[in-house]
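This is the structure I want to talk about, given as structure tokens.
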Amino acid sequence: MTKKHKSALSVKKGVKEVNSLNEKSVSKFKQIKKNTKSVEEYVNGIKNGEITVLSQAITLIESSKKEYFEKAQEIISECLPFSGNSVRIGITGVPGVGKSTFIETFGMHLLDKGKKIAVLAIDPSSERSGGSILGDKTRMEKLSAEKNAFIRPSPSAGSLGGVARKTAETIILCEAAGFDTIFIETVGVGQSETVVNSMVDFFMLLMLAGAGDELQGIKRGITEIADLIVINKADSDNIKNATRAQAEYQNALHLFPPSESGRNPKVVTASAENGSGISEIADLLEDYFLFTKKNNYFYERRSKQAKFRMYETINEELKNRFYSDKKISNKLKEFEQDVLAGKISPYAAAQILLN
């Protein structure tokens, strides 16, 4: 009887196939699909401060699908009477200035004072893929663990100045949910971030000491509308530089036109790492809101913002209707090719399409 020889070849068990889809990324979209809540259930959940319901409602608002638009607008209308009771603070600055760390430190300080904090962190969207990083929640670990804090990263979706298209509507829902302090953290990439000014009560610009003008390209336009300039990272060996930068910016502010609020902007130093300057900034904010409410500027600014938002919505809706029109979509490619071939000017093509 012949012996069986063992083969040199053998088959090993393969590694279990890994799902290529990121479950966390997909869950946000499944959230809408599975959701069968009525408008009333959404509104009641938001008013009761239910974070899951609030998150689902914001997802509806952010969705570009038509079937969710009407429901989202009904939710906003129902929540509107319960909104407006917060202070809205815009925070911007160049990447690397420490916006997220500052907001976390400042937010923890306000939580200790009994405040309820919502952070709408606008993440940069890729121009190519439309995808965004959405990493602010991971950068604010301490704050996100607090029961009276809510952090919502949103893709900027290519909107001007890095401000998400639906941020203003999200603010309404957060206020209806009982959050009394809303932070809007913007991308800080130097696009026209003055758009933030159309939805906040106070605008804070974070700066770095010792950074050249080429690094602080956003400086001029935004400095003119800033209510407070914070020289951040004023700690360790950087304190002397920060103090010098504070004096320089304070002198520069005298060259700008007087503020409409009647309260001239200030420049302060702070460190999000060791907490220095944080309580002083909180006091400055409190004084500013007391002052601007007393002279009615706070309420006048809110009224102007509502008017601005109406016109912005009209412009957005007109644009959406134009591109969703079947006649336009059929002709658009044709005219695009004619423009590329030099057969017609871009202006003439646009005029024909608009007509």
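Where a number appears in this text, it was derived from the coordinates with a stated rule and is not lab data. Here the structure is a predicted model, which is why all the values come from computation and not from measurement. Reconstructed Cβ throughout: ideal geometry from the backbone, glycine too, with neighbour counts over all protein chains shown.
Taking a threshold of 26 Å on the Cα-Cα distance, which of the pairs Lys115/Lys294; Lys71/Lys319; Lys142/Lys240; Lys47/Lys294; Lys47/Lys71; Lys240/Lys293 fall above it? Display every interim value, and only then the final one.
Details: Lys115/Lys294 22 Å; Lys71/Lys319 21 Å; Lys142/Lys240 30 Å; Lys47/Lys294 29 Å; Lys47/Lys71 17 Å; Lys240/Lys293 36 Å.
From Lys115/Lys294; Lys71/Lys319; Lys142/Lys240; Lys47/Lys294; Lys47/Lys71; Lys240/Lys293, over 26 Å: Lys142/Lys240; Lys47/Lys294; Lys240/Lys293.
Name the residues whose placed amide hydrogens come within less than 5 Å of the amide hydrogen of Met207, ignoring near sequence neighbours (fewer than 5 apart) on the same chain.
Long-range HN contacts for Met207: Val230, Ile231, Asn232.
Order these by the 10 Å Cβ neighbour count, fewest first: Asp201, Asp237, Asp283.
Details: Asp201 24, Asp237 6, Asp283 10.
Least crowded to most crowded, the residues run Asp237, Asp283, Asp201.
So, by mean Cβ neighbours within 10 angstrom, what's the order for 290-303, 168-181, 317-330, 104-117 with the highest one leading?
168-181, 104-117, 290-303, 317-330
What whole-number value in cubic angstrom gives the convex hull volume per residue for the C-alpha atoms of the stretch 222-355?
217
Translational diffusion coefficient, Stokes-Einstein: compute it for the stretch 307-354 using the Kirkwood radius over C-alpha pairs as Rh, at 37 °C and 0.692 mPa s, and state it as an integer in µm² s⁻¹.
Reported coefficient: 275 µm²/s.
Next up: Would you list Val200, Val230 from fewest to most Cβ contacts within 10 Å? List each step's numbers first, then the result.
On the way: Val200 23, Val230 29.
The order, fewest Cβ neighbours first, is Val200, Val230.
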